[in-house]
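S.K.: Before I ask anything, here is the structure I am working with.
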Amino acid sequence: MEKAIINTNQAPAPIGPYNQAILFGNMLFISGQVAINPATGNIDATDIIGETHQVMHNLRAILTEAGMDFGNALKTTIFLSDMSLFATVNEVYGKYFPGSFPARETVAVKGLPKNVNVEISMIAGK
């Protein structure tokens, strides 16, 4: 199997030596997404609700580029700056999935890129 690099200008460009996603066979591995607005290159969200929506929009753009959607999600990892944000992030996150949810873990970390409060990575499959 060959791997294919998936990149779209509808999601933020990587801020380090990595790609937005790698497609390997029928499996899509999406790098952690933060609340960077791809149109501005900035963190425009002013609260955790806005941050989470932007992260989910970025994930959707990458899924779309790979010919998938949230229904293809198999597993996500959510990184939070503080576990007190869990309920709010969970509420926004849950609205993006059509029925069944992927497997998931959620962890609190000491810091995230660009000082954001949430980062989400995903594995999806066709």
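S.K.: Right, Met1: at pLDDT 95 or above, out of contact with any Ser or Thr (no Cβ under 9 Å at 6 or more places or on another chain) and assigned to a loop (DSSP other than H, G, I, E, B) or not? Can you show your working first?
M.R.: Details: at pLDDT 95 or above: no; out of contact with any Ser or Thr (no Cβ under 9 Å at 6 or more places or on another chain): yes; assigned to a loop (DSSP other than H, G, I, E, B): yes.
For Met1, the condition - at pLDDT 95 or above, out of contact with any Ser or Thr (no Cβ under 9 Å at 6 or more places or on another chain) and assigned to a loop (DSSP other than H, G, I, E, B) - is not met.
S.K.: Within segment 54-80, which residues are under 10 Å from the mean Cα position of the chain (by Cα), of a type outside the set (Gly, Ala, Ser) and part of a helix (DSSP H, G or I)?
M.R.: Answer for segment 54-80, where residues must be under 10 Å from the mean Cα position of the chain (by Cα), of a type outside the set (Gly, Ala, Ser) and part of a helix (DSSP H, G or I): Gln54, Val55, Met56, His57, Asn58, Leu59, Arg60, Ile62, Leu63.
S.K.: Taking into account only those residues within segment 78-126 that are of a type in the set (Ser, Thr, Tyr) and modelled with pLDDT of 95 or more, which is surrounded by the most Cβ atoms within 10 Å (Cβ to Cβ)?
M.R.: Looking only at segment 78-126, we keep the residues that are of a type in the set (Ser, Thr, Tyr), and these are 81, 84, 88, 93, 96, 100, 106, 121.
Restricting the remaining residues to those that are modelled with pLDDT of 95 or more gives 81, 84, 88, 93, 96, 106, 121.
On the way: Ser81: 18, Ser84: 10, Thr88: 17, Tyr93: 21, Tyr96: 17, Thr106: 17, Ser121: 16.
Ranking the qualifying residues of segment 78-126, first place goes to Tyr93.
S.K.: Sort out which residues of segment 67-77 are surrounded by fewer than 20 Cβ atoms within 10 Å (Cβ to Cβ) and of a type in the set (A, V, I, L, M), and write them in order of number.
M.R.: Result: Leu74, single match.
S.K.: Would you confirm whether any residue within segment 40-56 is crowded, with 20+ Cβ neighbours inside 10 Å, closer than 15 Å to Lys114 by Cβ, of a type in the set (D, E, K, R) and modelled with pLDDT of 95 or more?
M.R.: Checked segment 40-56: at least one residue is crowded, with 20+ Cβ neighbours inside 10 Å, closer than 15 Å to Lys114 by Cβ, of a type in the set (D, E, K, R) and modelled with pLDDT of 95 or more.
S.K.: Check segment 18-32 and report whether any residue there is part of a loop (DSSP other than H, G, I, E, B) and surrounded by fewer than 11 Cβ atoms within 10 Å (Cβ to Cβ).
M.R.: Filtering segment 18-32 for residues part of a loop (DSSP other than H, G, I, E, B) gives 18-20, 25-26.
With surrounded by fewer than 11 Cβ atoms within 10 Å (Cβ to Cβ) added as a condition, the list becomes 18.
Yes.
S.K.: Return only the number of the condition from (1) outside any loop (DSSP other than H, G, I, E, B); (2) without any contact (Cβ under 8 Å) to a residue 40 or more places away in the chain that Gly111 does not satisfy.
M.R.: Among (1) outside any loop (DSSP other than H, G, I, E, B); (2) without any contact (Cβ under 8 Å) to a residue 40 or more places away in the chain, the lone unmet condition for Gly111 is (1).
S.K.: A follow-up question, please. Any idea how many residues of segment 81-101 are part of a loop (DSSP other than H, G, I, E, B) and more than 25 Å from Thr64 (Cβ to Cβ)?
M.R.: Going residue by residue through segment 81-101, those that are part of a loop (DSSP other than H, G, I, E, B) are 81-82, 95-101.
Still in the running and more than 25 Å from Thr64 (Cβ to Cβ): 81-82.
Within segment 81-101, residues that are part of a loop (DSSP other than H, G, I, E, B) and more than 25 Å from Thr64 (Cβ to Cβ) number 2.
S.K.: When you scan segment 4-19, how many residues do you find that are in contact with a Ser or Thr (Cβ under 8 Å, 6 or more places away or on another chain), at pLDDT 95 or above and farther than 11 Å from Ala66 by Cα? Show your work before the answer.
M.R.: Here is the first cut: in segment 4-19, the residues in contact with a Ser or Thr (Cβ under 8 Å, 6 or more places away or on another chain) are 8, 10, 14, 18-19.
Of the ones still in play, those that are also at pLDDT 95 or above are 8, 10, 18-19.
Narrowing the set further to residues that are farther than 11 Å from Ala66 by Cα leaves 10, 18-19.
Result for segment 4-19: 3.
The values are calculated or read from the model by the stated rules, or taken from the named source; none is laboratory data. Quantities reported herein were computed from a predicted structural model and do not represent experimental measurements. With ideal geometry, Cβ positions are generated from the backbone for all residues, glycine too; neighbour counts draw on all protein chains shown.
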